[in-house]
Amino acid sequence: MLKVDKLNFSYGDMQVIWDLDLVVNAGEIVTVVGANGAGKSTTLRNISRLVKWQSGSISFNDADLAKFEPHEVVEMGIVQVPEGRKIFPEMTVIENLRMGSFIKSARPKRDENIDRVFTMFPRLKEREKQLGGTMSGGEQQMLAIARGLMTNPKLILLDEPSLGLAPLMVKFIFDIIQEINRQGVTVLLVEQNVYQSLRIAHRAYVLETGRVVMTGVGEELLNNDHVKKAFLGM
Amino acid sequence: MLVFMQSLISGILIGGVYALIGIGLTIIFGVMRVINFAHGDILMIGMYMTYSLFTFFGIDPFVSIVITIPLMFMFGAFLQKVFINRMQGALPQNQILLTIGLGMIMSNTMMLAFTSDYKILSTDYSSSSIKLAGISISTPLAISFLITAAITAMLYWFLLKTDTGQAIRATAQDREAAQLMGINVKWMSILAFGMGSALAGTAGALISPTYYIFPQIGSTFTLKAFVITVLGGMGSIVGATIGGVIIGIAESVSAVYISSGWKDVVVFVLFLLVLLFKPAGLMGKSRM
């Protein structure tokens, strides 16, 4: 479904991604784990075309993403739930959700999708009229994911969805990610919470300073000595 | 008391037009983070457009806005697409220089076309007035206020209720998040600059029966627009609306009670006081 091939990207003189190869197949949960500054978010920013890579390629269902603008990528079925949630602070919950279905293909399903995300996140329904900026971190994360789902994505890119959340909320978010996947959406998850994300992922990539150093089945990597030592403190 | 009411009402009437100017500037700033220093000159173009339509075709200035609004929208969209867009993300001083430069081109072009003589657009109702409970209201000001109120109401409806309007607000609140939702922010910028220009042009059209028309009038209104938007809170449309009316009232009341020579002093003292106590402006963080 998504194929990243020999991707190289630098911010000015500083190269942050080196020859990165990554594949996501339809129906999978794939996770990219790694420490701060490993290039995880930058990879997602490249997929969403917010930044432009120097060499290599990214294709989605065999379409070369280099030809598309960020808003066109969303129309193709890739949505990103960015790090730090980035919800519209001066808009209500419902207005934020409506913005999620701005693209033409998602508009006819707007009401249906609003019902769907309200079932998934009953808390958002209670807060329907509240301004996005006044909500707690966990609620904002729910809203960000719900807003992403409003675009009817085929592939959802999640950037650090558990960052800064209380343990109970972290568990809830990871359950939701599995639920989204069961509903037929392919997931590419970027996380620093290595244990939780390897637990739910079908496959995983370990990134260190912009390079893939390890790849494999999620559960297997959990038992890998290097992963244990580097990320799990065992 | 009657004198006070009289000056208050005149202030509100002219404040409506100021609000229109301020809203235009604040929409442009909100969506693009560019301060449009050509705003007053765009207003001046609107004045000349109205003047020409009246002088050469005999179209009433308040009727001609149906022509002025779409033309000014296209003019603004053109400026954004051809010039301002290239400066997106550039250093602020470069953006400022660009818009100042565009403004100079506009005023000098008008000087070439119409000379720098003061023009007067005089209709048969230019100096007439309506008497209402002892207060006399200038007819052109009253009509322009009604039009302003109608346009502002439509604009609020557009920004709050339509998908495109909400997308403009979303782009203003978080440009990157808007892109991630599939919003074409370049198109939103063109739309915003078009709307901002149409609003400035309309304001120019509405005041043309009561003001002198000359190529250099722009800078006065750029400054005024800037004061209004900063007073209301940069990027806030509600703020610009309130700011415009406040400035209108302050000018009108101080002209009556102090002297018309001092009205700008009063406006700027008021402006500084607001910034002293509310540095983000009156509506620094509001929904629109």
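Note on the range A:184-199: residues that are at pLDDT below 95 and not charged (D, E, K, R) total 7. Checked against (1) of a type outside the set (K, R); (2) out of contact with any helix residue (DSSP H, G or I) (no Cβ under 7 Å at 6 or more places or on another chain); (3) surrounded by 22 or more Cβ atoms within 10 Å (Cβ to Cβ); (4) more than 27 Å from B:N184 (Cβ to Cβ), A:W18 passes all but condition (3).
What about B:M104, is it modelled with pLDDT of 95 or more and either part of a loop (DSSP other than H, G, I, E, B) or within 20 Å of B:I59 (Cβ to Cβ) (or both)? In short, no.
Here the strands (runs of 3 or more DSSP E) wholly within the range A:132-234 that include at least 2 residues being buried (at least 22 other Cβ atoms within 10 Å of the Cβ) are A:155-159, A:186-191, A:203-208. When each of B:P70, B:P61 is tested for being outside any helix (DSSP H, G or I), more than 19 Å from B:I237 (Cα to Cα) and of a type outside the set (K, R), the lone residue that passes is B:P61.
Residue count for the range A:74-91 satisfying the condition of being touching a helix residue (DSSP H, G or I) at 6+ places or on another chain (Cβ under 7 Å), assigned to a loop (DSSP other than H, G, I, E, B) and surrounded by fewer than 20 Cβ atoms within 10 Å (Cβ to Cβ): 2.
Answer yes if at least one residue in the range A:105-118 is away from chain B (no Cβ under 14 Å) and over 23 Å from A:R182 (Cα atoms), and no otherwise. No, there is no match, as no residue in the range A:105-118 is away from chain B (no Cβ under 14 Å) and over 23 Å from A:R182 (Cα atoms).
Taking residues in the range B:152-166 that are over 15 Å from B:L20 (Cα atoms) and within 14 Å of another protein chain (Cβ to nearest Cβ), and partners anywhere that are acidic (D, E) and crowded, with 18+ Cβ neighbours inside 10 Å, the pairs with Cβ atoms closer than 9 Å and at least 6 places apart or on different chains are B:L160/A:E95; B:Q166/A:E95.
In the range B:125-151, the qualifying residues are those that are over 15 Å from B:G11 (Cα atoms) and in a helix (DSSP H, G or I), and the one that is nearest to the other protein chains (Cβ to nearest Cβ) is B:I151. Taking the listed residues B:F62, B:F78, the one that is out of contact with any Leu (no Cβ under 9 Å at 6 or more places or on another chain), surrounded by fewer than 22 Cβ atoms within 10 Å (Cβ to Cβ) and of a type outside the set (D, E, K, R) is B:F78, with no other qualifying.
Hey, does the range B:252-268 have a residue that's crowded, with 23+ Cβ neighbours inside 10 Å, of a type outside the set (K, R) and in contact (Cβ under 8 Å) with a residue 40 or more places away in the chain? No, the range B:252-268 contains no residue that is crowded, with 23+ Cβ neighbours inside 10 Å, of a type outside the set (K, R) and in contact (Cβ under 8 Å) with a residue 40 or more places away in the chain.
If the condition is being more than 9 Å from every other protein chain (Cβ to nearest Cβ) and either over 26 Å from B:F37 (Cβ atoms) or not small (G, A, S) (or both), then the range B:167-200 contributes B:I168, B:T171, B:R175, B:M188, B:I190, B:L191, B:F193, B:M195, B:L199. Take B:G281 and tell me if it is at pLDDT 90 or above, within 29 Å of B:A167 (Cα to Cα) and not basic (K, R). So B:G281 fails the test.
Is it true that some residue in the range A:61-83 is free of Cβ contacts under 8 Å to residues at least 40 places away in the same chain, over 20 Å from A:I103 (Cβ atoms) and within 14 Å of chain B (Cβ to nearest Cβ)? No, the range A:61-83 contains no residue that is free of Cβ contacts under 8 Å to residues at least 40 places away in the same chain, over 20 Å from A:I103 (Cβ atoms) and within 14 Å of chain B (Cβ to nearest Cβ). Quick check: is even one residue across the range B:165-187 crowded, with 22+ Cβ neighbours inside 10 Å and under 13 Å from the mean Cα position of the chain (by Cα)? Scanning the range B:165-187 turns up no residue that is crowded, with 22+ Cβ neighbours inside 10 Å and under 13 Å from the mean Cα position of the chain (by Cα). If you go through the range B:234-280 and pick out every residue that is assigned to a loop (DSSP other than H, G, I, E, B) and within 14 Å of another protein chain (Cβ to nearest Cβ), you end up with 4.
The test for being among the hydroxyl-bearing types (S, T, Y), surrounded by fewer than 20 Cβ atoms within 10 Å (Cβ to Cβ), away from chain A (no Cβ under 14 Å) and in a helix (DSSP H, G or I) holds for B:T220. In the set (1) over 30 Å from A:M135 (Cα atoms); (2) touching a helix residue (DSSP H, G or I) at 6+ places or on another chain (Cβ under 9 Å); (3) more than 8 Å from chain B (Cβ to nearest Cβ); (4) surrounded by fewer than 19 Cβ atoms within 10 Å (Cβ to Cβ), A:V51 fails one condition alone, (1).
The values are calculated or read from the model by the stated rules, or taken from the named source; none is laboratory data. Keep in mind the model is a prediction, meaning the values are calculated, not measured. Glycine also receives a Cβ, built like all others from the backbone with ideal geometry; neighbour counts cover every protein chain displayed.
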